[in-house]
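Worksheet: the structure to be examined is printed underneath.
The values are calculated or read from the model by the stated rules, or taken from the named source; none is laboratory data. On a predicted model such as this, the values are computed, not experimentally measured, just so you know. Counting neighbours? That spans all protein chains shown, and the Cβs are built from the backbone with ideal geometry, glycine included. Accessible surface is based on the protein model in full, side chains and every heavy atom, while ligands, DNA and RNA are left aside. Shrake-Rupley method; radii C 1.70, N 1.55, O 1.52, S 1.80 Å.
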Amino acid sequence: MLRWLMSVNHKDIGLMYVLVGVWGGLMGFSMSLLIRLKLGMGGVWMGSEAVYNVLVTSHAVMMIFFLVMPVFTGGFGNWLMSVMLGLSDTALPRLNNLSLILLLASLGIMGVSLLLGGGKAGWTMYPPLMLSDYSSGVAVDLMVLSLHVVGFSSILGSINILVTWVTGSSVAYSVDQAPLFVWDMVTTAGLVVLTVPVLAAALTMLLMDRNLNSMFFDPCGGGSPILYQHLFWFFGHPEVYILILPGFGLVSHAVSCLGGKFEVFGYLGMVYALLSIGALGCLVWAHHMFTVGLDIDTRAYFSAASMTIAVPTGIKVFSWLASMYGLNTPLNSTGMWVLGFILMFVIGGLTGVMLANSSLDTVFHDTYFVVAHFHYVLSMGVVFSLFLGLNIWLPLFLGVSFSELWLKVHFILVFVGVNMTFIPQFVLGFMGMPRRYVDFPESYEWWNVLSSWGSGLSLLGVILYVGVFFMALSGSHLTVFHYQMTPSMEWVEGSNPPHHSGVEGSLSSL
């Protein structure tokens, strides 16, 4: 245990991040299955509405903070940043190790919070519902503390990425030649360093309101619950891009390899689009707050700025499709995940443009239309790119070979399952079903049943993927795997070399 917990090797730390992320993701996914199991029929049969509220709150926290951020930023960031920059390790390996230990501590605190009853106010933790009058008990304080610690872990990991970029970008590439995944990770790290401290400030004030009788957010003492929303969403909206931007990098890499090209179509435009998305993402937070009483000029600005993000996003989608133009080889599992990602992300983005309109958002706010929208971006966009990255890189890192047939079956199961889950939720949103409600009228039941069946199909896909992984480990762990990481660099290794970076091992073998 000490060998792994105290390791400062970027590949060891990356593997630990991925293992922690997989565990957190399975926990969060199991909570979503319980939510859909509950909503698969009318009436309250789970025993307590409070249990349902805990599941809804914890599902979001586990998926965002303990699946996507650890696997992308900690896992792929550690594995690939140093290799792509030609470095032997990250710039600050001890800080890297501390970030991992803090993540494990945060996950432990979150587990204790769940055992004690958990939080019941939603992952946004809005006051006054989050204050001690309505959410008393140490379990809620522990959940907030867990988010504090995981935020600190993310900041340290992001500082490591930024310093690695600054100190190492001149080793292998000029700035305008770096792989797009590196650009995506640097932009993500910058967003984390900029916005997570704002969340930490909001959570600190929330803890003080709960335990020290301060009145930052308590209207009874002159505080403002709307102030908390501004602080939270200044983090919460860039968080969406913190989650999706590393996935953009993995998709860009996969697309260039699929098309047999040296780089994606319009490399410089992709970089500028990426930086624009990061900058604009910090300027649109109040589109989550159109119903709180903002004046019309403020709503007009946030509507216009939110729609503007569709422009650089459209540039990236166009470049991906243009990079795949002329692909003559049969569509393999990687190509299926890329096209699935693009389709799901476009649907999520277009429905986001709808919600960016403050007039429409007033109608759709807090309905299942919003739930379906952000799950098309996150549950599909992020998770599709996550599976894509695992399918490409795990064979290289672990020296295994996945079955192409079963990877295609896995894609079909997940693709059909997630669409069957969330397309009915668009319909439920049009019908006016509010989110986070434990029960619903009978007129909504058919669509809820269909959505719940879709989540069951997704479960089959996850089980199949676990089986494919274990079959690969048991059957072909000695397979020599040839994979072209970039068109200019080939790795001819059984697995990633155990010490230092893969680049050194690869170049010496060549």
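Using only the C-alpha atoms, the convex hull of the chain corresponds to 146 Å³ per residue.
Restriction of the chymotrypsin sites (Phe, Trp or Tyr not before Pro) in segment 257-325 to DSSP coil positions whose beta-carbon has at most 11 other beta-carbons within 10 angstrom yields Phe262, Tyr325.
In this simple spin-label model, placing a label point 7 Å from the Cα along the Cα-to-Cβ direction at both Glu442 and Leu227 gives a separation of 4.9 nm. If you sort the three axes of the alpha carbon gyration tensor as a ≥ b ≥ c, you get a/c of 1.5 or more for segment 235-348 and a/b above b/c, which makes it prolate. D by Stokes-Einstein for segment 295-343, Kirkwood Rh over Cα pairs, 37 °C, 0.692 mPa s: 248 µm²/s. Helix-only arithmetic for the chain: the sum of -39500 (n - 2.57) across DSSP H runs with n ≥ 4, divided by the residue total, places the mean residue ellipticity at 222 nm at -23500 deg cm²/dmol.
Legend: calculated FRET efficiency, Phe318 to Val51, from the Cβ-Cβ distance at R0 = 35 Å, rounded to 0.05, equals 0.15. Remark: the Leu350-Ser214 segment gains 44.8 nm on full extension, using 0.36 nm per residue and subtracting the alpha carbon distance.
Karplus-based coupling profile of segment 362-378, in residue order and whole Hz: 4, 7, 8, 4, 6, 10, 6, 4, 5, 4, 5, 4, 6, 6, 5, 6, 9, with θ = phi - 60° in 6.51 cos²θ - 1.76 cosθ + 1.60 and x standing for Gly or Pro. Straight-line reach from Lys38: taking Cα to Cα under 22 Å and skipping same-chain neighbours fewer than 8 places apart, the lysines in range are Lys120.
Remark on segment 1-163: Rg and Dmax equal 17.7, 58 Å (Cα only). Between Thr367 and Arg435, the built amide H atoms are under 5 Å apart, and every one of these is 5 or more places off in sequence or on another chain. Proximity of backbone amide H atoms, modeled 1.01 Å from N, is registered between Ser401 and Ser476 at under 5 Å, excluding neighbours fewer than 5 places apart on the same chain. For segment 226-235, the Karplus equation 6.51 cos²θ - 1.76 cosθ + 1.60, evaluated at θ = phi - 60°, returns couplings of 5, 4, 4, 4, 4, 5, 5, 6, 5, 8 Hz by residue, with Gly and Pro reported as x. Relative to the dominant Cα principal axis of the chain, helix 138-172 is inclined by about 30°. Were the residues from Leu207 through Cys282 laid out at 0.36 nm apart, the gain over their Cα-Cα distance would be 24.5 nm.
The HN-Hα couplings worked out from phi for segment 315-329 by the Karplus form 6.51 cos²θ - 1.76 cosθ + 1.60 (θ = phi - 60°) are 4, 5, 4, 4, 5, 4, 5, 5, 5, 8, 5, x, 6, 9, 6 Hz, whole numbers, x standing for Gly and Pro.
Per-atom-type breakdown for the chain gives carbon and sulfur 71% of the accessible area (1.4 Å probe, protein chains only). The residues of the chain present an accessible area of 40 Å² per residue when probed at 1.4 Å with all protein chains retained.
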